[in-house]
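> Here it is, the structure in full.
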């Protein structure tokens, strides 16, 4: 039998879909980690081009999904 194993961390596409449902954009850092960039996600309001959360890319995938589900 084939077993499906779920990863404990949500996929990037799932994070982006959750953000889109909430009217936001989830951007993932593409740079090396540093004191100003933690290598995670940032949530942006595209209508105002404002950072809503994660200004230093410090959000994990689970945190983004939790944040967006709280907005619904």
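What follows draws every value from the coordinates through simple rules; no lab data is involved. Source: prediction; values computed, not measured. Don't worry about glycine lacking a Cβ; one is built from the backbone with ideal geometry, like all the others, and counts go over all protein chains shown.
> Provide the FRET efficiency to the nearest 0.05 for the residue 35-residue 66 pair, computing r from the beta carbons and using R0 = 22 Å.
Values: r = 25 Å, r/R0 = 1.14.
With R0 = 22 Å, the Cβ-Cβ based efficiency is 0.30.
> Rounded to two decimal places and with Rh computed the Kirkwood way over Cα pairs, what is Rg over Rh for the chain? Provide the component values of the computation, followed by the final result.
Details: Rg = 13.3 Å, Rh = 12.7 Å.
In the chain, Rg relative to Rh is 1.04.
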